[in-house]
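Everything below concerns the one structure shown next.
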Amino acid sequence: MTVQTSMDQFTAITDALRVIVGPSHVLCDAADLASYATDWTGQFKNEADAIAVVRPETTEQVAEIVKLCAANAITVVPQGGRTGLCGGGVPVAGQPSLILSLTRMNAVRAIDPAGRTVVAEAGVVLEPLQEAALSNGLIFPLMFGAKGSCTIGGNLATNAGGSNVVRYGNTRELCLGIEAVMPDGTVVNALTGLRKDNTGYDLKDLLIGAEGTLGIITAAVFKLFPKPTSRATAFLSVASLDGAIDVLNRLQDYTGSAVEAFEFMPRAAVDTICTAFPDIRRPLETPAEIGILMEVASSRPHDAEEMDDGSIRLETQVMELLGALMEDGLVLDAMIAQSEQQRADLWRMRESTLEAITETGPAYHLDISLPLANIGPFVAEMDAAALDAGFQPVTVGHLGDGNLHYALMAGAVHEWDSLPLDATKNVAFALLTRLNGSFSAEHGIGQSKLPVMTQLKEPTQVAVMRAIKHALDPQNMINPGKLIPELKN
Ligand code: FAD
């Protein structure tokens, strides 16, 4: 629904919003609109269609705002930390909308150390939530580079993944319940935190990954986990991508499924990072063509015991296994972090990838997933096609989950604008279709992936999504123009 807001209506709406949230939390200045209407990528920037920004502090205020907007046919764009990479959190062009920022709803409402759960509001930033868990001797294991800015509402709305999914699952697996405001302003409170509750459709699972198109998440209950007391972190050079999967499985078998992260970092990625950020040290003297950043962690006291040589048992076990993997020719070289600082340096390198690519130049980012057995064939065929077309592929990935962040950058002697991007993207999509992959593993669809959603998503699934959207939001008032392709006439 496209709405033209007259000056009188604008004044009436903003006045009503000020009554709900207080005058200082309705932002209409050009500078505020510009900043809230621009996402992390800078590619999605649309202050022209931002009617205003409203910053509620309570669920009741969110409900009142949504009711006001529904009554006045004003569309609402829910927004967290604006770190989403697909333009989901800013208004679409030609669709004047109210931006509803959840960042003031930032209370950790309760931590239950015995039940190992936390209830947090949607605007809580991921890193402070991790710290709150740690201060209770537990961890909240969601982990990725945007942790200092992204909110848990955004994490839920995009079903965010990251580096620890191999052990703990996506945001969906971490969530036990949700509180949300539906498109008609009704508040759904499912914050019981039950681990078992088979009483009908699971509304949290509808809202998680819906990218704000079905309602506004205001709070959630999450699982917490025991804090690891021993860790082994290493950077490996492995002989092949197929062999890397064997390394992962051997590590899982040997450590009792204690692998927390298994990140693919080939040479082009490490080169790009270390060139963009010269203070980041290369982990191995002889660069790894196929590098893996791996971490194993345990909360078992036995694994944290000090051995005769002063090392920790878990580290010794991992070193033993790496020795065996080297003898088998699967691992060629390894650097094992000897201190917390070395571990932090390795993670800083990994988490700088996106910034390094952005610093280096224009790029097209594929965020894809494949069955583990098809990762090697995809990378081999896609790298060849990309290089042939004049691109430099720069890939990192959560290999344990079959998820690759595959960036196409301009090769050394090529101008970005002269490169055949659409044709090369189509090579990738055809390969994904052939190899049973997905064109969006964890970043979602937003605005940027709508064309490929139209092109590749099974039409019957899109039709069911439209039916759900229509049932819950018949006027298309909440986050229109995102996730679900428009019906073609
Ligand atoms: P926003 O960007 O503000 O919004 C994202 C979407 O969620 C929008 O559609 C918005 O409308 C909706 N939304 C936000 N809050 C709510 C709410 N309360 N209720 C309903 N809908 C809402 N993602 C990964 O999955 N894995 C990674 O490893 C990863 N690494 C990243 C690294 C960097 C450096 C950056 C910049 C991003 C990365 N991302 C990653 C993407 C991003 O951080 C996640 O998508 C994050 O979950 C978005 O949270 P946000 O609060 O910034 O949401």
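The values are calculated or read from the model by the stated rules, or taken from the named source; none is laboratory data. Note that this is a predicted model, so its numbers are computed, not measured. Reconstructed Cβ throughout: ideal geometry from the backbone, glycine too, with neighbour counts over all protein chains shown. For accessibility, only protein heavy atoms count, side chains too; no ligands or nucleic acids. Shrake-Rupley method; radii C 1.70, N 1.55, O 1.52, S 1.80 Å.
Numbers for the structure displayed
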item: Probe 1.4 Å, protein heavy atoms only - accessible area per residue of the stretch 293-390 in square angstrom; result: 48
item: Phi to ³J(HN,Hα) by Karplus 6.51 cos²θ - 1.76 cosθ + 1.60 over the stretch 404-421, Hz, x for Gly, Pro; result: 10, 9, 10, 9, 9, 10, 6, x, 3, 9, 10, 8, 3, 5, 8, 8, x, 5
item: Cubic angstrom per residue, convex hull over Cα atoms of the stretch 158-209; result: 87
item: Projected area averaged over orientations for the stretch 186-280, convex hull of C-alpha atoms, nm²; result: 11.3
item: Mean separation of Cα contacts under 8 Å, 6 or more apart, over the residue count of the stretch 10-143: relative contact order %; result: 21
item: Helix 267-276 axis, angle to the chain major axis (alpha carbon atoms, nearest 10°); result: 60
item: Per-residue [θ]222 nm for the chain (sum of -39500 (n - 2.57) over DSSP H runs n ≥ 4, rounded to 500); result: -10500 deg cm²/dmol
item: FRET efficiency, L134 to Q43 (Cβ-Cβ, R0 25 Å, nearest 0.05); result: 0.15
item: Whole-percent carbon and sulfur share, accessible surface of the chain, 1.4 Å; result: 52
item: On Cα atoms only, tilt of 313-327 relative to the major axis of the chain in degrees; result: 70
item: Per-selection Kirkwood Rh - the stretch 333-489 (Cα, Å, 1 d.p.); result: 17.8
item: Average accessible area per residue (Å²) across the stretch 404-489 - probe 1.4 Å, nucleic acids and ligands excluded; result: 53
item: Calculated log₁₀ intensity ratio I(q)/I(0) where the Debye formula runs over C-alpha points of the stretch 120-207, q = 0.12, 0.14, 0.23 Å⁻¹; result: -0.38, -0.52, -1.28
item: Over the chain, volume per residue of the alpha carbon convex hull, in Å³; result: 161
item: For K147, distant residues with modelled amide H under 5 Å away; result: none
item: Unit charges at the beta carbon, dipole of the chain: most positive-side option, V259, G123, G390; result: G123
item: Karplus-derived 3J(HN,Hα), 6.51/-1.76/1.60, for each residue of the stretch 431-448, Hz, glycine and proline x; result: 4, 4, 4, 5, 9, 6, x, 10, 7, 8, 7, 9, 8, x, 10, x, 9, 6
item: Within the stretch 337-489, percent of DSSP bridges classed antiparallel, to nearest 5; result: 95
item: Long-range HN-HN contacts of A334 with modeled amide H, under 5 Å; result: S237
item: For peptides 464-473, 168-177, sequence by mean Cβ density within 10 Å, most packed first; result: 168-177, 464-473
item: Size of charge dipole - the stretch 182-330 - debye, nearest 20, with Cβ of Lys, Arg +1 and Asp, Glu -1, no other charges; result: 620
item: Over the stretch 361-489, relative contact order from alpha-carbon pairs under 8 Å, at least 6 apart, %; result: 27
item: Cα gyration tensor category, rounded, prolate or oblate, for the stretch 1-57 with a/c compared to 1.5; result: oblate
item: Separation between Cα centres of the stretch 158-235 and the stretch 409-474, rounded to whole Å; result: 25
item: Coordinate range along principal axes, alpha carbons of the stretch 321-362, Å, largest first; result: 41, 26, 10
item: For the stretch 1-119, fraction of C-alpha pairs farther apart than 19 Å, in %; result: 48
item: For the stretch 190-195, 3J(HN,Hα) per residue [Karplus equation, 6.51 cos²θ - 1.76 cosθ + 1.60, θ = phi - 60°, Hz, x = Gly/Pro]; result: 10, 9, 5, x, 5, 8
item: The chain: relative contact order as a whole-number percent, Cα under 8 Å and 6+ apart; result: 15
item: For the stretch 282-417, projected area of the alpha-carbon convex hull averaged over all directions, nm²; result: 10.6
item: Accessible area of the stretch 36-182 divided out per residue, in Å², using a probe of 1.4 angstrom; result: 32
